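These notes concern the structure reproduced below.
The values are calculated or read from the model by the stated rules, or taken from the named source; none is laboratory data. Predicted model, so just to flag it, every value in this text is computed and none were measured. Glycine gets a Cβ as well: all are built from the backbone with ideal geometry, and neighbour counts include every protein chain shown.
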Amino acid sequence: MKRSPHVLVFRFSAMGDVAMMVPVLRKLFHQNSGVQVTLVTRPFYTPIFNEFPQLQIVTPDFKSTHKGVKGLWKLFVALKKLRPSAVVDLHAVLRTHLLRFFFRLFGYRVLKINKGRSAKRRLTRVKNKIFVPLQSTPYRYAEVFSKLGFDIDLTVSEHIDPLPLTESIRQSLPPKDRPWIGIAPFAAHPGKVYPLDLMQKVIAFLQQEHCIFLFGGGASETHQCELWEKAYPNVTSMANRYALKEELAIISNLSLMLSMDSANGHLAANYNIPVVTLWGQTHPFAGFAPFGQPDSFALSADRGQYPKLPTSVYGSHIPKGYQAAMRSIDPKHVIERILVILSQNH
């Protein structure tokens, strides 16, 4: 009897990139009966995949047990016992390079993602910039599985029901007598963060007729969210108050999410929540826009004023004179876009 295909998948970080695996796994499971998948990722991210009871998750400990080359060898030995029929690397970093080497050494079929690094360099370089949209990350993921012979059609959208809110969460949140808007005002790099004074204008206006939920993490972000919560009656901070599983339930019940080029936008998109994204040093052309969202939902800094944009794939590089690039996104424009989308979805 032929054994069902069992694919071992590597994707350790970052949260946004991990979250973008969800629509691909949905199609993989729905369109390919009998396939087994073991995902190797960080333990914190496991709630993102709770909708897949058939998915096996392995969570390495890179701080101790699986640290360094010896630790990665231990991880390989443990993973090898799962007897995968193929290994898929959706991360393509030094750790996964070593793991791929170990598996190839023992005759396993190993494939890795094509990140399109050279095309991204052409998109973000200052001189001779080639400003064209690149393949999105979920499609890059799907391309790897397609090479293994799996059918994955990402063009067909699916209805995703919101996650149930527990009674304790419901009691801690305002009533849903007006639209719930999530706002994630932060990102890993300053080049992707909308100026806080402009964001405050957006929050101040929207909270008049909407419930605003602020998402963030870390001490400084939590402090800022709590300041806005105290300043406005219809603003609630989510920062450091709920576990990821609970945050996902709340996100899935939103009417809309406003996000930077960051993980929260991808998490909301996984539940078909409309996501308005703001882009500074980065740009949706690099392939990291939330999955399934119309191009019109992405608002970018003015390339007429700042022709070098995008300057970075990750937002880490800010050229001289480009510190204020995101100020070219008018708060009124952000508010108008949100109100139009909400009117079309209700």
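Is it true that some residue in the range 105-124 is over 23 Å from the mean Cα position of the chain (by Cα), closer than 18 Å to Leu28 by Cβ and assigned to a loop (DSSP other than H, G, I, E, B)? Yes, that holds for at least one residue.
Results for (1) of a type outside the set (Lys, Arg); (2) modelled with pLDDT of 95 or more; (3) within 24 Å of the chain's Cα centre (by Cα); (4) closer than 23 Å to Lys127 by Cβ, shown as yes or no for each residue.
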residue: His283; (1), (2), (3), (4): yes, yes, yes, yes
residue: Ala286; (1), (2), (3), (4): yes, yes, yes, yes
residue: Asp295; (1), (2), (3), (4): yes, yes, yes, no
residue: Ala298; (1), (2), (3), (4): yes, yes, yes, no
residue: Gly304; (1), (2), (3), (4): yes, yes, no, yes
residue: Thr311; (1), (2), (3), (4): yes, yes, yes, yes
residue: Ser316; (1), (2), (3), (4): yes, no, yes, yes
residue: Ala325; (1), (2), (3), (4): yes, yes, yes, yes
residue: Arg337; (1), (2), (3), (4): no, yes, yes, no
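For the range 103-146, the candidate set comprises residues that are loosely packed, with under 12 Cβ neighbours inside 10 Å and touching a residue at least 12 places away in the same chain (Cβ under 8 Å); within that set, the residue that is farthest from Arg83 (Cα to Cα) is Val126.
The combined condition, being touching a Ser or Thr at 6+ places or on another chain (Cβ under 7 Å) and without any contact (Cβ under 8 Å) to a residue 40 or more places away in the chain, is fulfilled by Leu214. Among the residues of the range 148-169, those that are in a helix (DSSP H, G or I) and loosely packed, with under 12 Cβ neighbours inside 10 Å comprise Glu167, Ser168. Selection of the range 179-188 for residues being modelled with pLDDT of 95 or more and either surrounded by fewer than 14 Cβ atoms within 10 Å (Cβ to Cβ) or within 19 Å of the chain's Cα centre (by Cα) (or both) yields Ile181, Gly182, Ile183, Ala184, Pro185, Phe186, Ala187.
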